[in-house]
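**Student:** Below is a structure I'd like to ask you about.
The values are calculated or read from the model by the stated rules, or taken from the named source; none is laboratory data. Not measured: the values here are computed from a predicted model. We place every Cβ from the backbone using ideal geometry, glycine too, and count neighbours over all the protein chains shown. Side chains are part of the model used for accessible areas, which takes the heavy atoms of the whole protein and leaves out ligands, DNA and RNA. Shrake-Rupley method; radii C 1.70, N 1.55, O 1.52, S 1.80 Å.
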Amino acid sequence: MKPIHIIGVPLDLGGNRRGVDMGPSALRIAGLGERLGRLGFPVLDKGDLPAPIPETRERSDERKKFIGDIAHVCELLYDSSRASLAAGAMPIVLGGDHSLAAGSVAASTSWAVTAKELPIGLLWIDAHGDMNTPATSLSGNVHGMPLAALLGPEPSELARIGASPRLQPAQTVLIGVRNLDEREKVAVRDSRVHVFTMKEIDRQGIASVVEQAVGLASQGTAGIHVSFDMDVCDPDIAPGVGTPVKGGLDYREAHLMMEIVADSGLLTALDLVEINPTLDVRNMTAQLGAELVLSALGKKIL
Ligand SMILES: [Mn+2]
């Protein structure tokens, strides 16, 4: 079985609510590494990347707070994920806030074109679009910007990580969105990425939506990178997240989504982000996160 490399990124400079820097620890306490080992995978935990804390840094630009520090962490993550992929392993990145995906997805994009001469497919599973730019963002929080940086020119500090090639909108699919800023709605529509909102999931059912999404993300690609923001889950089952929004995926919908990803056999990299232990109840959100990773890696009911 393919080796798994766990990379912790205790980054919480990208959001307003403090505490997602403890996400990697909470996922390890939930037994993620051992449980993956029991599924039969060789597991290497590469530890945590160094990430600065806000107390020691200055947020120089209010439109993109801590952008320089975040970009530096993303560059370290790019190098680490890229090395794991080159070694034939699957990186599983534990967040940390979602801005880290500017590094992890760029690594997948770069690896796909080098190793397979193809683009990477991306499933961005999230309550939010994460497609704000410093010009459109109302908060200046960079965790709302990584998908914009992967597809377009802003914020430039993140967009230039890994340089070419860029992520392609045709093989990018947003799933579970239910909370977009007005100006972000325009950005999402203009981007030409595929979008399945919670309304589509309610109408069509999660299985149909995820099968379509996997089909789109696998068309002419080297594989699928899944960037999973825990806030896509309903706060009833995942209260410990950076930005909770009601009306999310229930327990079985979240698992079925990951099980269908596993069945595709196309997963090449996984991010699990935005777990906030300070808002959690007895580590239940990290427990759920660990279980979802196991489902994505092929843990079966029968
Ligand atoms: Mn997100």
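**Student:** Can you tell me which of (1) within 16 Å of the ligand (Cβ to nearest atom); (2) open to solvent by 20 Å² or more (accessible area, probe 1.4 Å) is the one GLY103 doesn't meet?
**Tutor:** (2) is the only condition that GLY103 fails.
**Student:** Sticking with this one: Condition first: surrounded by fewer than 18 Cβ atoms within 10 Å (Cβ to Cβ) and closer than 25 Å to ASP79 by Cα. Can you find one or more residues in the stretch 117-135 that meet it?
**Tutor:** Yes, the conditions are met somewhere in the stretch 117-135.
**Student:** Can you say whether LEU44 is in a helix (DSSP H, G or I) and either surrounded by fewer than 24 Cβ atoms within 10 Å (Cβ to Cβ) or without any contact (Cβ under 8 Å) to a residue 40 or more places away in the chain (or both), as far as the supplied structure shows?
**Tutor:** Here the answer is no, as LEU44 does not meet what is asked.
Each row is one residue, and each column tells you yes or no for (1) assigned to a strand (DSSP E or B); (2) without any contact (Cβ under 8 Å) to a residue 24 or more places away in the chain; (3) of a type in the set (A, V, I, L, M).
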| site | (1), (2), (3) |
| --- | --- |
| LYS2 | no, no, no |
| ARG18 | no, no, no |
| LEU76 | no, no, yes |
| SER84 | no, no, no |
| VAL93 | yes, no, yes |
| ALA102 | no, no, yes |
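**Student:** Continuing with this model, one more query. Can you say whether ASP69 is modelled with pLDDT of 95 or more, in contact with a strand residue (DSSP E or B) (Cβ under 8 Å, 6 or more places away or on another chain) and either crowded, with 24+ Cβ neighbours inside 10 Å or among the charged types (D, E, K, R) (or both), as far as the supplied structure shows?
**Tutor:** It is false that ASP69 is modelled with pLDDT of 95 or more, in contact with a strand residue (DSSP E or B) (Cβ under 8 Å, 6 or more places away or on another chain) and either crowded, with 24+ Cβ neighbours inside 10 Å or among the charged types (D, E, K, R) (or both).
**Student:** Turning to a different aspect of this structure: Would you pick out the residues in the stretch 107-129 that are closer than 15 Å to LEU167 by Cα and within 16 Å of the ligand (Cβ to nearest atom)?
**Tutor:** Matches in the stretch 107-129: LEU122, LEU123, TRP124.
**Student:** Return the total of residues in the stretch 131-155 being assigned to a helix (DSSP H, G or I) and either among the aliphatic types (A, V, I, L, M) or touching a strand residue (DSSP E or B) at 6+ places or on another chain (Cβ under 9 Å) (or both).
**Tutor:** Of the residues in that region, 8 qualify.
**Student:** Going through the stretch 2-33 one residue at a time, which ones are aliphatic (A, V, I, L, M) and open to solvent by 10 Å² or more (accessible area, probe 1.4 Å)?
**Tutor:** MET22, ILE29
**Student:** Something else: Among the residues of the stretch 162-187, which ones are open to solvent by less than 10 Å² (accessible area, probe 1.4 Å) and modelled with pLDDT of 95 or more?
**Tutor:** Once the filter is applied, which keeps residues that are open to solvent by less than 10 Å² (accessible area, probe 1.4 Å) and modelled with pLDDT of 95 or more, the stretch 162-187 yields THR172, VAL173, LEU174, ILE175, GLY176, VAL177.
**Student:** Moving on. In the set LEU180, LEU158, LEU167, LEU174, which member is of a type outside the set (Gly, Ala, Ser) and in a helix (DSSP H, G or I)?
**Tutor:** Exactly one of LEU180, LEU158, LEU167, LEU174 is of a type outside the set (Gly, Ala, Ser) and in a helix (DSSP H, G or I), namely LEU158.
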